[in-house]
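Asks: Have a look at this one before I ask anything.
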Amino acid sequence: MKSFMAGLALGVGLGMAFAPDSGKSTRSKLRQKADDVSRELLPQQPEGSEEDKEGVQRSSRPVPKTTRSRRRKLQNTRSERIK
């Protein structure tokens, strides 16, 4: 563990010493690059099928209370087994 921490400290120190830009500038460049890549990729995504859209709608519905109560019951059963 001691050698890991020493390596981590050394890596951070070297990274700070040899960084070409400030942290603010680097974050700005990374954000800009991510925006550029997402703009390139988004138009290339095909339109989803009706099945896909229905699946998203089904997964967006609230969980029925019976499922929630069943989950609580299972959690209680598990916690009783652990005790």
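The values are calculated or read from the model by the stated rules, or taken from the named source; none is laboratory data. On a predicted model such as this, the values are computed, not experimentally measured, just so you know. Here the Cβ positions follow ideal geometry from the backbone for every residue, glycine too, while neighbour counts run over all protein chains shown.
Residues are listed down the side, and each one gets a yes or a no for (1) surrounded by fewer than 10 Cβ atoms within 10 Å (Cβ to Cβ); (2) modelled with pLDDT under 75; (3) more than 23 Å from the chain's Cα centre (by Cα):
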| residue | (1), (2), (3) |
| --- | --- |
| Leu8 | no, no, yes |
| Met16 | yes, yes, yes |
| Leu30 | no, no, no |
| Lys33 | no, no, no |
| Gln45 | yes, yes, no |
| Glu51 | yes, no, yes |
| Lys65 | yes, yes, yes |
| Arg70 | no, no, yes |
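Asks: When both residues are 6+ apart or on different chains and their Cβ atoms are under 8 Å apart, which pairs have a first residue that lies in region 11-31 and is acidic (Asp, Glu), and a second that is assigned to a helix (DSSP H, G or I)?
Replies: What qualifies is Asp21/Lys29.
Asks: Right, something else. Assess whether Ser3 counts as being assigned to a helix (DSSP H, G or I), loosely packed, with under 10 Cβ neighbours inside 10 Å and at pLDDT 85 or above.
Replies: So Ser3 passes the test.
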